[in-house]
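Some notes on the structure that comes next.
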Amino acid sequence: MTLAEDYPLSGLTPEVLKEIFESAQYDCEFNDDDEPSGVYVPDLYGLYVIAREKSSLIRFFAHKYSTKSLEDIRAFCRSVNDAIYLIRTSSSNEPDDDGDFRVTFSYDLLLYADQKITPRIIIKVAREIDDYIAYAIEQHDTQSIFRNASDS
């Protein structure tokens, strides 16, 4: 597949997104083996990228997990959301089967039906989101919620 100069939102299929990230030398895989809706890029903080034509969005998000208290996790999310306006954080209300709470970092890029986006911009946004996630954890994880051995 040869990459186009730019893509409408409808053209950002999981296959195209995978090709875009692989052309930038990132290992990536589909986010679901059976019915992929986007890609997973482990080298960028485990970033998922999904184009949602119905919502006019390209969604960039990553999950991290913590065994700390829900109170500490929510304090972290509030701190990030109050200080960093580019990304949003949220947490699960209940721990998973392993006892971990999920913290989600997300960014939505609005792209109207008549607009197009270049692969270069998609990669640039993904790298910036990766940097913002690292910065958010470095600056706002005062309770060390991501510093346990079980955290990923």
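The values are calculated or read from the model by the stated rules, or taken from the named source; none is laboratory data. Quantities reported herein were computed from a predicted structural model and do not represent experimental measurements. With ideal geometry, Cβ positions are generated from the backbone for all residues, glycine too; neighbour counts draw on all protein chains shown.
Matching residues to (1) at pLDDT 95 or above; (2) within 22 Å of ALA24 (Cα to Cα):
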residue: SER91; (1), (2): yes, no
residue: GLY99; (1), (2): no, no
residue: THR104; (1), (2): yes, no
residue: GLN115; (1), (2): no, no
residue: ILE122; (1), (2): yes, yes
residue: GLU128; (1), (2): yes, yes
residue: ALA149; (1), (2): no, no
residue: SER152; (1), (2): no, no
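Within segment 62-90, being within 18 Å of the chain's Cα centre (by Cα), surrounded by 19 or more Cβ atoms within 10 Å (Cβ to Cβ) and not in a helix (DSSP H, G or I) holds for ALA62, LYS64, TYR65, SER66, ILE87, THR89. For segment 76-134: of the residues being out of contact with any Ser or Thr (no Cβ under 8 Å at 6 or more places or on another chain) and of a type in the set (Lys, Arg), which is farthest from LEU17 (Cα to Cα)? If we take residues in segment 76-134 being out of contact with any Ser or Thr (no Cβ under 8 Å at 6 or more places or on another chain) and of a type in the set (Lys, Arg), then ARG78 is farthest from LEU17 (Cα to Cα).
Table: residues versus (1) assigned to a loop (DSSP other than H, G, I, E, B); (2) without any contact (Cβ under 8 Å) to a residue 12 or more places away in the chain.
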| site | (1), (2) |
| --- | --- |
| LEU3 | yes, no |
| LYS18 | no, no |
| ASP33 | yes, yes |
| PRO36 | yes, no |
| TYR40 | no, no |
| TYR45 | yes, no |
| TYR48 | no, no |
| LYS54 | yes, yes |
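Determine, yes or no, whether ILE20 is of a type in the set (Val, Ile, Thr) and either surrounded by fewer than 21 Cβ atoms within 10 Å (Cβ to Cβ) or in contact with a strand residue (DSSP E or B) (Cβ under 8 Å, 6 or more places away or on another chain) (or both). When the stated conditions are applied, ILE20 does not pass them.
Selection of segment 120-136 for residues being buried (at least 19 other Cβ atoms within 10 Å of the Cβ) and either free of Cβ contacts under 8 Å to residues at least 24 places away in the same chain or over 14 Å from the mean Cα position of the chain (by Cα) (or both) yields an empty set. If you go through segment 95-119 and keep only what is among the aromatic types (Phe, Trp, Tyr), surrounded by 19 or more Cβ atoms within 10 Å (Cβ to Cβ) and either out of contact with any Pro (no Cβ under 9 Å at 6 or more places or on another chain) or not in a strand (DSSP E or B) (or both), you end up with PHE105, TYR107. With respect to (1) surrounded by 19 or more Cβ atoms within 10 Å (Cβ to Cβ); (2) over 19 Å from the mean Cα position of the chain (by Cα), the lone exception for GLN143 is condition (1).
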